[in-house]
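S.K.: Sharing a structure here in structure tokens format.
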Amino acid sequence: MLEIRMERVHHAFPAPSGRWVIFEDLNLEVRPGSFTVIVGPSGCGKSTLLRLAAGLLTPTAGRIRIGELSPAQARAARRIGWMGQQPALLPWRTVEGNIRLALEVNGRALRPPLTVEELIAMVGLKGFERAYPRMLSGGMQQRVALARTLAAGPAVWLMDEPFAALDALTRTQLLEEVERLWRAFGATVLWVTHDLHEAVRLGDEVVVLAGRPARIRARIPLPDPRPRTDERRIGEWVERVRAALMGGAR
Amino acid sequence: MLEIRMERVHHAFPAPSGRWVIFEDLNLEVRPGSFTVIVGPSGCGKSTLLRLAAGLLTPTAGRIRIGELSPAQARAARRIGWMGQQPALLPWRTVEGNIRLALEVNGRALRPPLTVEELIAMVGLKGFERAYPRMLSGGMQQRVALARTLAAGPAVWLMDEPFAALDALTRTQLLEEVERLWRAFGATVLWVTHDLHEAVRLGDEVVVLAGRPARIRARIPLPDPRPRTDERRIGEWVERVRAALMGGAR
Amino acid sequence: MSPMEMELPRLRSGARLAPWVPLLALPLALLGWELIVREARVPVYLVPAPSVILSTLWAERGLYLQATGVTLGEAAAGLALGMGVALALAVATAFWPPLERAIMPLVLLLKAIPLVAIAPILTLWFGFGPLPKVLMTALLTFYPALVPLMTGLRAVDPAALELLRAWDASAWEIFRHLRWPSARPYTFAALKTAIPLALIGAVVAEWTGASGGLGRTMWLAQTNLDMPRLFAAALILAAVSLAGYTGAALLERRARWWSPEEAHP
Amino acid sequence: MSPMEMELPRLRSGARLAPWVPLLALPLALLGWELIVREARVPVYLVPAPSVILSTLWAERGLYLQATGVTLGEAAAGLALGMGVALALAVATAFWPPLERAIMPLVLLLKAIPLVAIAPILTLWFGFGPLPKVLMTALLTFYPALVPLMTGLRAVDPAALELLRAWDASAWEIFRHLRWPSARPYTFAALKTAIPLALIGAVVAEWTGASGGLGRTMWLAQTNLDMPRLFAAALILAAVSLAGYTGAALLERRARWWSPEEAHP
Amino acid sequence: TTPAPPATPTPALRHMVFMAGYKPQANLPFVGVYVAKEKGYFAAEGLDVEIQHSTGRGEHLQLLMAGGVQVTTQDAAVLLQRRADPGLPLVSIALIGQRGQQAFAALKSSGMQTPKDWEGKKVGYKGTPPPDLFAIMEAAGVDRNRVELVNVGFDPRVLVQGLVDVYPLFKSNEPYLLQQMGYELVMWDAADYGVPTLGLTYVTSEEQIQRDPGLLVRFLRAALKGIEDARANPEEAVDIVLRYAPQADRGHMRFMLETELKDAESEVTRAHGLGWQTREQWEALYEVLRRYNAIPKPVEIERVFTNELLQKARGR
Ligand SMILES: Nc1ncnc2c1ncn2[C@@H]1O[C@H](COP(=O)(O)OP(=O)(O)OP(=O)(O)O)[C@@H](O)[C@H]1O
Ligand SMILES: Nc1ncnc2c1ncn2[C@@H]1O[C@H](COP(=O)(O)OP(=O)(O)OP(=O)(O)O)[C@@H](O)[C@H]1O
Ligand SMILES: Cc1ncc(C[n+]2csc(CCO)c2C)c(N)n1
Ligand SMILES: [Mg+2]
Ligand SMILES: [Mg+2]
């Protein structure tokens, strides 16, 4: 199980006039095997944070560690599971082919949690194995991307709004599956979402990011036992997170 | 104000083996100037329904009318505002340029509700006028697409999960703006969402679609006065819609 | 909505005409050509009438068939070689982009030396047989294939690239899974460009110093000012080019089964 | 994370070498050429050493400068005409796709007729001046530009196309706002292909009978077996091609300001 | 369909186009025109002669027939062939080359001496084997089956590089180039084996003769005067040639001019003057072509040439 640590991270993008500073002195550490949910207003830097953690972006300053490793080393060690904000399916591969891609590229992966068939069943796409992405609805595409991310059993999951295109029912079902897989495999998870219900159902902790440059406005630990089914308590936590979000308004 | 009517609509896609029948004898009519929210499980046919209404797809059988007009005629009369499930911004245009596109193409549009500047402010992108899409976060892109759709003041809004990539706070703010614009301009709206809170805040009626072929499982009228702020009543309605959705599970 | 209601946009894109109507363009052009030549009494040593060309073609079909075989062989080999080299270079630049700056000056230098100047040197090195012709065909073919291939191998979906990078996919994996399939429309553009050029290349290579092929036929015809024979050979060339082009286009459609008619990958 | 840690993937894509290193390829190639020619005592009438070529070039710089001017003018005009025609045809097929089936047979027929057969007709119509050369250059250039342009104008984002259709955008609006900008990478591929071909085209056109230009210089040199002069002209051609290509590449980078380095539009 | 005439220097002059049948060099009919132009002989005849050059692929004949060119040059044998097929109404108005332009050559180092030595060797031809090749072999008793014929195109380097043993060349041209490369040659000229051959002629069309014979007379008078000048003062002529052929090598042009001046003289010219031609000469050439199947259709010899214009040019 790997911890994620960001120390004094600074990041800026070149922009039409000058630079856009997204992070200035960001510090975050996440326990090995924990499930951290990141929420925050649109455009505050959640996706950028995940990109930094994956080593897809290099911070302009600061230090990031995945366990003992740099993000690049963690990637090289096939520790990273990445689910971007767009499904990014390969249009020339079928549903099955897209999921298999994870196995083909991460051939060295240690522990595929489920077979491709099981994954397809899990995301509710049985019968669509041989369909091409253009034949799928937005939510179906997102579910394929989810299955693909989990297929190789990565140790660190970097998930950017993985349920954004899903309906409440599908969301609830998948939530349970994801929680089960996470617990079974001890992955360390960074999970971006806008759905506060989802956030408090899944998170060991909810990190509220806001502002420009973005700062951590609140870290809300959720010590509840799992699975969390007490709708009343969930509602309470949602309200706590919402309050933190509203407080940290742009 | 235009009514939307679908009569005995049948639609099927060619698929790897045989055809996928999405709609079989679908009937739906929507009052002029009403706000109809469509919810349903991922992949049930919500986007397809909007495409049919816009005339982007031709039903394999049945009849669709926008007021007196066929979808193609309604499009030709610049009645249709379209917001697809992806932002589909033109990467070579700035935020402002993308929004202006609606005015350039719908030059004949009758009543632009707000200036481009006002729209940019409304979607919270002041300061980003000259940014290109690739410099924007997912939620920012979606807000540009929203502004673009409303820019020309269409009479019929066909909106496919317009808030999917937005956080709760931004969502709530935009919700109010959208409601205001809709009421001011008497548009007839078909609004697809997975957020039931959003659904009951906005809808005159929530249509629950489910099954394969998809059928209308429930039509839940929401006679409440607007703006709807009574969180308790909203919660009740959410539960009613959720129950209908769960009942109509695949 | 009845199907009729879709016709407005359809009409606009003109898809209502039967699909064979545009195919009439060629016969109509030939007819027009025939009429002009006859009415204006264009002398046969300048531009022969299609009827004359076709009767020449028919009368000497055996000879033309044989010559076509020779040229086709050289063109096919040259095309394979030229596309192969173009692909190899494009792939190399995909793996290591700065290579473009190393390759292009050399490529353009090679392109700048006219074939007619290279031909004798190749003949001196490789004799009078088909090999120099194949090499010249490859030389003529590879450049118009190289540029689209290089462009295509870079035209990838950034989100997919990000995914593969997150997986630490090797350059080879990125190539295999993303670049190569993404470049497909460019690859077919390159192929469709290269096919007619390969045939022309073979003809130019045969122009002097060949013992057979359409190029030699054309050279003989030109030196004898025998335009019907020259144009007969050109007609064959055009037909073969068209067949090749059409074949490539069909192949392209099959190879993009996963894509909507109008879309990038 | 220190910048060092990013080096693993960077090394892989080779970006660590200074950007001018690949530019050494050309001088190195010339040096190698010089050495081989000297060591193997290759006779000058086969392949001259670069030093000999360069001193010829320098000695007759006035003549070469003038010839370059003539050829450059023809090439530029031919390029403009050829790209213009290619663009017009590609745009026409974008508005009405079945047109491709009408155009391509005619285009391929035209391509199949050798320039030597076309040249006298052009001379008869347009005299001995530069116009026939411009036309021949255009003929040689337009085909390799046509195919990528046709492909590019179809490579549009389906979601954006859907949006424009929902707005009932006219074919012209779809072209202007979507197809044309979407085709940009293909357009630049076409341009980068066509620039060197236009120069070669002008040379080949002059080869068929001109009173000036690099093509004529090369033809005279070739018939006199004067390889230093031939290669001197080729060197100029290569340099001009490279300049044009580089210019197009820079323009491309500027014209795609909105796009990440690696991505489709 | 006449090419647009360029701006005439003196409007009074009559514009016409002479197209040399090949690139600018010291082929004698070209030299005559260059000299006449440079020394004002054309202007003195009231002519403004525009000089163009063909690439030698036949376009000069096409342009002549189409009226874009009034006079050009052509090898006599080719003239007969084009007269037969595609039946161009070409007419030779002055035969400058009284002997054929081509010969066959081998490297001196090969040790070959007579055509008999060709047996077992590779003999090149340019495009199509010329009748002189077969005529020489027949005259020298060479076994045709023992000679391998190879299409070598137009590049004498194949000889020095050993791709062929015998190479067909233009006597006034390639020998010089090969000597410059440092090779000595043995040459075999068909004329030396009793094979009748002819060289370059001034050519026009029947239509042109009918339409404006006076123009041709004036052209011939000036051009022949140019040739006479070249004979009298070859150095000056070479200077003039070099104005038209800036890249040419002076020694090369001098060699070419001298070779062609020699071949411009024959029994016939000694009797009738430069450029004269007889029915016997043309018939003999025609017979050779027929014998070796180098001409597909019969030709009316009396229509192939005329001395009438030449006579008028002389007698004023
Ligand atoms: N072009 C197509 N070809 C074949 N099948 C298609 C095509 N487009 C959609 N479908 C199928 O139609 C069904 C409905 O798709 P649609 O996009 O309308 O779903 P949706 O309700 O919008 O789902 P989501 O909430 O995930 O966006 C899906 O099962 C999908 O596989
Ligand atoms: N490539 C880029 N160039 C310039 N600016 C960028 C780039 N990528 C992101 N940004 C800027 O960084 C900020 C944060 O973007 P990011 O995508 O991380 O937001 P986010 O929190 O994920 O938002 P959302 O919830 O809308 O997805 C935004 O303001 C965006 O404009
Ligand atoms: C290398 C070389 N090739 C061809 C010719 C012959 N030539 C001289 S004039 C002419 C055209 C007839 O008017 C031709 C073909 C040559 N002298 N040297
Ligand atoms: Mg984001
Ligand atoms: Mg949808």
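S.K.: Based on this model, can you work out whether B:Ser47 counts as more than 8 Å from chain D (Cβ to nearest Cβ), touching a helix residue (DSSP H, G or I) at 6+ places or on another chain (Cβ under 6 Å), farther than 30 Å from B:Glu117 by Cβ and among the small types (Gly, Ala, Ser)? Quick ask: steps written out before the conclusion?
M.R.: Details: more than 8 Å from chain D (Cβ to nearest Cβ): yes; touching a helix residue (DSSP H, G or I) at 6+ places or on another chain (Cβ under 6 Å): no; farther than 30 Å from B:Glu117 by Cβ: yes; among the small types (Gly, Ala, Ser): yes.
So B:Ser47 does not fit the description; no.
S.K.: Can you tell me which of D:Ala233, D:Ala243 is open to solvent by 10 Å² or more (accessible area, probe 1.4 Å), in a helix (DSSP H, G or I) and more than 14 Å from chain B (Cβ to nearest Cβ)?
M.R.: Residue meeting the stated conditions: D:Ala243.
S.K.: Which of the following residues is in contact (Cβ under 8 Å) with a residue 24 or more places away in the chain and within 23 Å of the chain's Cα centre (by Cα): E:Leu149, E:Leu220?
M.R.: E:Leu220
S.K.: Right, another one. Answer yes or no: is there a residue in region C:191-207 that is open to solvent by 10 Å² or more (accessible area, probe 1.4 Å), farther than 30 Å from E:Gly153 by Cβ, hydrophobic (A, V, I, L, M, F, W, C) and touching a Ser or Thr at 6+ places or on another chain (Cβ under 9 Å).
M.R.: So far as region C:191-207 goes, no, none of its residues is open to solvent by 10 Å² or more (accessible area, probe 1.4 Å), farther than 30 Å from E:Gly153 by Cβ, hydrophobic (A, V, I, L, M, F, W, C) and touching a Ser or Thr at 6+ places or on another chain (Cβ under 9 Å).
S.K.: Is it the case that region E:88-107 has a residue that's open to solvent by 10 Å² or more (accessible area, probe 1.4 Å), of a type in the set (A, V, I, L, M, F, W, C), closer than 22 Å to C:Ser211 by Cα and touching a residue at least 40 places away in the same chain (Cβ under 8 Å)?
M.R.: So far as region E:88-107 goes, no, none of its residues is open to solvent by 10 Å² or more (accessible area, probe 1.4 Å), of a type in the set (A, V, I, L, M, F, W, C), closer than 22 Å to C:Ser211 by Cα and touching a residue at least 40 places away in the same chain (Cβ under 8 Å).
S.K.: Sticking with this structure for a sec: Return the pairs, sorted by first residue and then second, in which the second residue is assigned to a loop (DSSP other than H, G, I, E, B) and away from ligand 1 (no atom under 16 Å from the Cβ), the first residue lies in region E:169-189 and is closer than 19 Å to E:Met112 by Cα and among the β-branched types (Val, Ile, Thr), the beta carbons are less than 8 Å apart, and the residues are 6+ apart or on different chains.
M.R.: Final answer for the pair search is E:Val186/E:Met112; E:Val186/E:Gln113.
S.K.: Could you list, in sequence order, all residues of region D:152-178 that are touching a Lys or Arg at 6+ places or on another chain (Cβ under 9 Å), charged (D, E, K, R) and open to solvent by 20 Å² or more (accessible area, probe 1.4 Å)?
M.R.: Once the filter is applied, which keeps residues that are touching a Lys or Arg at 6+ places or on another chain (Cβ under 9 Å), charged (D, E, K, R) and open to solvent by 20 Å² or more (accessible area, probe 1.4 Å), region D:152-178 yields D:Arg154, D:Glu162, D:Arg165.
S.K.: Which of the residues spanning region E:63-88 are within 9 Å of chain D (Cβ to nearest Cβ) and within 13 Å of ligand 3 (Cβ to nearest atom)?
M.R.: E:Leu63
S.K.: Show me the strands (runs of 3 or more DSSP E) entirely contained within region A:1-98 in which 1 or more residues are open to solvent by 30 Å² or more (accessible area, probe 1.4 Å), within 16 Å of ligand 1 (Cβ to nearest atom) and modelled with pLDDT under 95.
M.R.: Counting at least 1 such residues, we get no strands (runs of 3 or more DSSP E) at all.
S.K.: Residues of region E:188-245 being over 20 Å from E:Ala264 (Cα atoms), outside any helix (DSSP H, G or I) and of a type in the set (Gly, Ala, Ser), which ones?
M.R.: Listed by number, the residues that qualify are E:Ser205, E:Ala245.
S.K.: Can you name the helices (runs of 4 or more DSSP H) wholly within region D:170-227 that have at least 2 residues being touching a residue at least 60 places away in the same chain (Cβ under 8 Å) and of a type in the set (Lys, Arg)?
M.R.: D:184-207
S.K.: Still on this model: Any residue that is surrounded by fewer than 17 Cβ atoms within 10 Å (Cβ to Cβ), of a type outside the set (A, V, I, L, M, F, W, C) and either more than 23 Å from the chain's Cα centre (by Cα) or under 28 Å from D:Tyr45 (Cα atoms) (or both) - is there at least one of those in region C:76-92?
M.R.: no
S.K.: Restricting attention to region B:117-126, does a residue exist that is modelled with pLDDT of 95 or more, buried (at least 21 other Cβ atoms within 10 Å of the Cβ) and either of a type in the set (S, T, N, Q) or within 16 Å of ligand 5 (Cβ to nearest atom) (or both)?
M.R.: Looking through region B:117-126, none of the residues is modelled with pLDDT of 95 or more, buried (at least 21 other Cβ atoms within 10 Å of the Cβ) and either of a type in the set (S, T, N, Q) or within 16 Å of ligand 5 (Cβ to nearest atom) (or both).
Yes/no per residue for (1) touching a residue at least 12 places away in the same chain (Cβ under 8 Å); (2) within 16 Å of ligand 4 (Cβ to nearest atom); (3) open to solvent by less than 10 Å² (accessible area, probe 1.4 Å); (4) not polar (S, T, N, Q):
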residue: A:Leu169; (1), (2), (3), (4): no, no, no, yes
residue: A:Glu176; (1), (2), (3), (4): yes, no, no, yes
residue: A:Phe185; (1), (2), (3), (4): yes, no, no, yes
residue: A:Leu190; (1), (2), (3), (4): yes, yes, yes, yes
residue: A:Val206; (1), (2), (3), (4): yes, no, yes, yes
residue: A:Pro225; (1), (2), (3), (4): no, no, no, yes
residue: A:Glu236; (1), (2), (3), (4): no, no, no, yes
residue: A:Gly247; (1), (2), (3), (4): yes, no, no, yes
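Residue-wise test of (1) more than 16 Å from ligand 4 (Cβ to nearest atom); (2) aliphatic (A, V, I, L, M); (3) over 19 Å from A:Met83 (Cβ atoms).
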{"site": "A:Pro113", "(1), (2), (3)": "yes, no, no"}
{"site": "A:Val116", "(1), (2), (3)": "yes, yes, no"}
{"site": "A:Met122", "(1), (2), (3)": "yes, yes, no"}
{"site": "A:Gly127", "(1), (2), (3)": "yes, no, yes"}
{"site": "A:Pro133", "(1), (2), (3)": "yes, no, no"}
{"site": "A:Ser137", "(1), (2), (3)": "yes, no, no"}
{"site": "A:Met140", "(1), (2), (3)": "yes, yes, no"}
{"site": "A:Ala147", "(1), (2), (3)": "yes, yes, no"}
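S.K.: Inspect region E:168-184 for any residue being part of a helix (DSSP H, G or I), farther than 20 Å from C:Gly212 by Cα, in contact with a Phe, Trp or Tyr (Cβ under 6 Å, 6 or more places away or on another chain) and within 11 Å of another protein chain (Cβ to nearest Cβ) and give the result as yes or no.
M.R.: To start, the set of residues in region E:168-184 that are part of a helix (DSSP H, G or I) comprises E:174-180.
If we keep only those that are farther than 20 Å from C:Gly212 by Cα as well, we get E:174-180.
Filter once more, keeping what is in contact with a Phe, Trp or Tyr (Cβ under 6 Å, 6 or more places away or on another chain): E:176.
Filter once more, keeping what is within 11 Å of another protein chain (Cβ to nearest Cβ): E:176.
For region E:168-184, residues part of a helix (DSSP H, G or I), farther than 20 Å from C:Gly212 by Cα, in contact with a Phe, Trp or Tyr (Cβ under 6 Å, 6 or more places away or on another chain) and within 11 Å of another protein chain (Cβ to nearest Cβ): present.
S.K.: When you scan region A:164-187, do you find a residue that is in contact with a Phe, Trp or Tyr (Cβ under 9 Å, 6 or more places away or on another chain) and modelled with pLDDT under 90, even just one?
M.R.: No: zero hits.
The values are calculated or read from the model by the stated rules, or taken from the named source; none is laboratory data. Computed from a prediction, not measured in an experiment: that's the story for all the values here. We place every Cβ from the backbone using ideal geometry, glycine too, and count neighbours over all the protein chains shown. Surface accessibility is based on the protein's heavy atoms, side chains included, excluding ligands, DNA and RNA. Shrake-Rupley method; radii C 1.70, N 1.55, O 1.52, S 1.80 Å.
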